[in-house]
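Here's the structure we're looking at; comments come further down.
Values quoted throughout were computed directly from the atomic coordinates according to the rules given, and no laboratory measurement underlies them. Being a predicted model, the structure only gives us computed values, none of them experimental. All Cβ positions, glycine included, derive from the backbone under ideal geometry; neighbour counts span all protein chains shown.
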Amino acid sequence: MKKRLHFLAIVPIAAVAFSGMLRTHPFVSGAQGNLKPELEQRIISLERQELDSIKSANINAFSDLLADDAVFLNSRGFGDKTLVVKNTTAFKLEDYSMDDIKVVPLSDNSGLIAYKLTEKGNAHGNEISGTVYASALWAERSGKWVCLFSQETPAK
């Protein structure tokens, strides 16, 4: 039996519904001409590292990518790093895809990524799959890149 994922309890990848903003302000990677290709690639790579660490069940690598004061949000509410790491240990990510990726630079050392995330996995013996719109805020702190915030909105 397939169950729909509630990702805050499972995977702290970010998502946000940009519908109103998108109609009036195009949210396109590099739209302002300020996005450095290396910053865009770094942020996309960090997001993939986070997902790959979950897929390989490397919870330490996953945890190391999250800021200690990170905030995670989905339809169930807010979560912190401790809660998300704990709940992620019960999830086995088998496959995922990231589509329609957008990156917005916030500074030379930070940026926002938004994308469509489709996942397939297993939690507590139940096959689960789902698609969300995800977003995450990444920043360099003391020489280390970490995720500070993520949000997920179920795709309809």
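Side notes on the structure shown:
- Scanning segment 48-77 for residues that are among the small types (Gly, Ala, Ser) and free of Cβ contacts under 8 Å to residues at least 40 places away in the same chain returns Ser53, Ser56, Ala57, Ala61, Ser63.
- Subset of segment 100-113 (residues that are in contact with an Asp or Glu (Cβ under 8 Å, 6 or more places away or on another chain) and within 10 Å of Ser135 (Cα to Cα)): Val103, Ile113
- The lone criterion from (1) over 16 Å from Ser150 (Cα atoms); (2) without any contact (Cβ under 8 Å) to a residue 12 or more places away in the chain left unmet by Ser45 is number (1).
- Residue satisfying condition, being of a type in the set (Gly, Ala, Ser) and either crowded, with 19+ Cβ neighbours inside 10 Å or in contact with a Ser or Thr (Cβ under 6 Å, 6 or more places away or on another chain) (or both), within set Ser45, Ser110, Ser56, Ser97: Ser97
For (1) among the hydroxyl-bearing types (Ser, Thr, Tyr); (2) farther than 21 Å from Ser129 by Cβ; (3) in contact with a helix residue (DSSP H, G or I) (Cβ under 8 Å, 6 or more places away or on another chain), each residue gets a yes or a no:
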position: Asp52; (1), (2), (3): no, no, no
position: Ser56; (1), (2), (3): yes, no, no
position: Asp64; (1), (2), (3): no, yes, no
position: Phe72; (1), (2), (3): no, no, yes
position: Arg76; (1), (2), (3): no, no, yes
position: Val85; (1), (2), (3): no, yes, yes
